[in-house]
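**Student:** Just dropping this structure here.
Read-outs throughout are calculated quantities, based only on the coordinates presented, and are distinct from any laboratory measurement. Just so you know, these numbers come straight off a predicted model, no measurement behind them. Neighbour counts run over all protein chains shown; Cβ positions are idealised from the backbone, glycine included.
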Amino acid sequence: MNPAAVRMSICCVLLGRLLSASDAPAPAAIVLSVQGIVKASMDEGPDRPVSLFDLLPDGTRVTTAAGASVRLALFNGERVELSGESAVTIAAGAFRSPSGAARSLPRLEVMPRIARIVRGEKPGMRQGTIRVRAPKSGTDGPQVLYPAWGAAVQSDEAILRFRPKQGIKKYRIDIEDASGRPVRGFATSSTLVDPPHGTLLPGREYYWSVRSDQNEDPLAEGVFRTLNPEESDLWLSVARRQRKSDDPDLRMIRIHVGQKLGLIREACASISELLEAPSPPRGIQALWESQECAALLAIGRESPLR
């Protein structure tokens, strides 16, 4: 797959998302924890099961069965926890008509900023995540290099990772900008490359490829982007808040923000930490598997070489 084809694939996927979401109501709330039987409905419609990270619009009625619980956060920062046979309605940017054991929780001040990255995302009873896969060019498996397929990195912290190819000891790494202009090339024996500071600029798209030093045909290739300053500031702010707090919802928000920004590796690392907990949140294992986190985190095991 050549650079133009890779870029076209990314553009088609992104355009499809925008078109599918253009007539949808804006998300009003997100599901941050769910245990047991939790359902949601709109306008007297049928009940649907609620899942982790579902994005729910105004007009949604959420109900929990006996022994179940759910935590919801509005994008204005308000939170509520339902447990047992309880219900609440999301309306006009607030939790209304609570019944049963509906308990308000402290506000999450970072939520209004997070609302920007989900604007235009079609809400509903489904998982609100982005699936990112690397190209299969010249490989036997789907996850061969990272970042790829539109995944994002911070421009000053990017590390390019790829799986080694049997029989090849030296590689050629080439980076191009969105116009196809060469940005930087590396000759290395490592499967991790740490571009020098200033190589990648914020808010840009890049194409990169891995070749044998003996062959011009790419072994693997992909497109990634760098966070713009606003996105980077949001990510760092969420990460700082999560590190300073034992609030479990902040960890879930960090995972969600990472996915929405395209920081899939960072999100997978947080998911991995949750899976090691004595009682992992419901839905985390499925999220780990759907994002192919095990394969992604295994890409590159050597020390970075510049």
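**Student:** Between residue 276 and residue 294, how many nm apart are label points set 7 Å from Cα along the C-beta direction?
**Tutor:** 1.7
**Student:** Let me ask something else. Picking from 147, 208, 166, whose Cα lies most toward the positive end of the charge dipole for the range 144-224 (charges on Cβ: Lys, Arg +1; Asp, Glu -1)?
**Tutor:** The Cα lying farthest towards the positive end belongs to 166.
**Student:** Another question, if that's okay. So, R0 is 35 Å and r is the distance between the beta-carbons of residue 96 and residue 244; what FRET efficiency does that work out to, to 0.05? If you can, show how the numbers build up before the last one.
**Tutor:** Working: r = 32 Å, r/R0 = 0.91.
E(calc), rounded to 0.05, equals 0.65.
**Student:** Mind checking which aspartates and glutamates have their C-alpha under 19 Å from residue 165, skipping anything on the same chain fewer than 8 residues away?
**Tutor:** Here the aspartates and glutamates satisfying the reach criterion relative to residue 165 are 140, 174, 213, 216, 217, 221, 302.
**Student:** A further question follows. Give me the extension gain from residue 213 to residue 194: residue separation times 0.36 nm, minus the current Cα-Cα distance, reported in nm with one decimal.
**Tutor:** My answer for the length gained is 5.0 nm.
**Student:** Once amide H atoms are placed 1.01 Å from N in the peptide plane, what residues at a sequence separation of 5 or more from residue 192, or on another chain, have their amide H within under 5 Å of its amide H?
**Tutor:** It is 302, 305, by chain and number.
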